[in-house]
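Visitor: Can you keep this structure in mind? I'll have questions shortly.
The values are calculated or read from the model by the stated rules, or taken from the named source; none is laboratory data. Small disclaimer: the values here were computed from a predicted structure and weren't measured. Reconstructed Cβ throughout: ideal geometry from the backbone, glycine too, with neighbour counts over all protein chains shown. Only protein heavy atoms, including side chains, enter the accessible area calculation; ligands, DNA and RNA are left aside. Shrake-Rupley method; radii C 1.70, N 1.55, O 1.52, S 1.80 Å.
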Amino acid sequence: MSVDLGILSIRALFGVAIAAHGAQKVFGWFGGYGLKGTGGCFETLGFRPGVAFAAAAGLSEVGGGILLTLGLFTPFGAAAVLAAMVVAIVSVHLKNGFFAMSNGIELPFLYAASALGLAFSGAGAFSLDALLGLTFLSEPSNVEGILVLAVLGAAATLALRRPDQKQASAA
């Protein structure tokens, strides 16, 4: 019971936080820039068309966060968040080291680690997965397959990136 309460706490707190993070991109809520502003930022990173890539990232975070909060299709929600964070780590933060104070990988790394942990732990007893009998989704082979697809999706997204020559030489 205490393990399930722990998983519920992590799911709920992390899920709401990552959904809000995505809502900044998609809707401009919570001080975010919305799709147009975030899309412009994505363009400067080499993701064109920026609005489409911003929508993909934001919807992965919003959708993944909602699924994690509800404990519904938990490995898929975790995989959506993981994919978005891998792209963020590689395209934005890696060149700045680890710590968030220098815009390093710390925050997206912690988001990715939380998503990965929830993917493997499962949603717990207090979840829609448990209520609907979807616990088979958390079998290790299913989780591994879903996560491999997420990493492949992140790699494909990164392969589509076309940074300006000035940015590529500065990186």
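Visitor: List the pairs whose first member sits in the stretch 128-147 and is farther than 19 Å from Ala83 by Cβ and free of Cβ contacts under 8 Å to residues at least 24 places away in the same chain, whose second member is part of a helix (DSSP H, G or I) and open to solvent by 50 Å² or more (accessible area, probe 1.4 Å), and whose Cβ atoms are under 8 Å apart, counting only residues at least 6 apart or on separate chains?
Guide: Listed by first residue and then by second, the contacts come to Phe136/Asn142; Pro140/Phe120.
Visitor: A further question on this structure: If Ser9 meets every condition in (1) loosely packed, with under 15 Cβ neighbours inside 10 Å; (2) in a loop (DSSP other than H, G, I, E, B) apart from one, which number is that one?
Guide: All conditions pass for Ser9, except number (2).
Visitor: Restricting to the stretch 37-54, name every residue that is open to solvent by 40 Å² or more (accessible area, probe 1.4 Å) and part of a helix (DSSP H, G or I).
Guide: In the first step, residues of the stretch 37-54 are kept if they are open to solvent by 40 Å² or more (accessible area, probe 1.4 Å); the result is 41, 43-44, 48-49, 51-52.
The answer is Cys41, Glu43, Thr44, Val51, Ala52.
Visitor: Please list, ordered by residue number, the helices (runs of 4 or more DSSP H) wholly in the stretch 56-171 having 2 or more residues that are within 23 Å of Lys25 (Cα to Cα).
Guide: So the answer is 74-88, 106-121, 140-159.
Visitor: Just a yes or no: is a residue in the stretch 126-144 within 18 Å of the chain's Cα centre (by Cα) and hydrophobic (A, V, I, L, M, F, W, C)? First the steps, then the outcome.
Guide: Within the stretch 126-144, the first condition is being within 18 Å of the chain's Cα centre (by Cα), and the residues that meet it are 143-144.
From what is left, the residues that are hydrophobic (A, V, I, L, M, F, W, C) are 143.
Within the stretch 126-144, one or more residues are within 18 Å of the chain's Cα centre (by Cα) and hydrophobic (A, V, I, L, M, F, W, C).
Visitor: Quick check on this structure: which one of Asn103, Asn96 is in contact with a His (Cβ under 7 Å, 6 or more places away or on another chain), among the polar types (S, T, N, Q) and free of Cβ contacts under 8 Å to residues at least 40 places away in the same chain?
Guide: Step by step, each of Asn103, Asn96 is checked, and only Asn103 is in contact with a His (Cβ under 7 Å, 6 or more places away or on another chain), among the polar types (S, T, N, Q) and free of Cβ contacts under 8 Å to residues at least 40 places away in the same chain.
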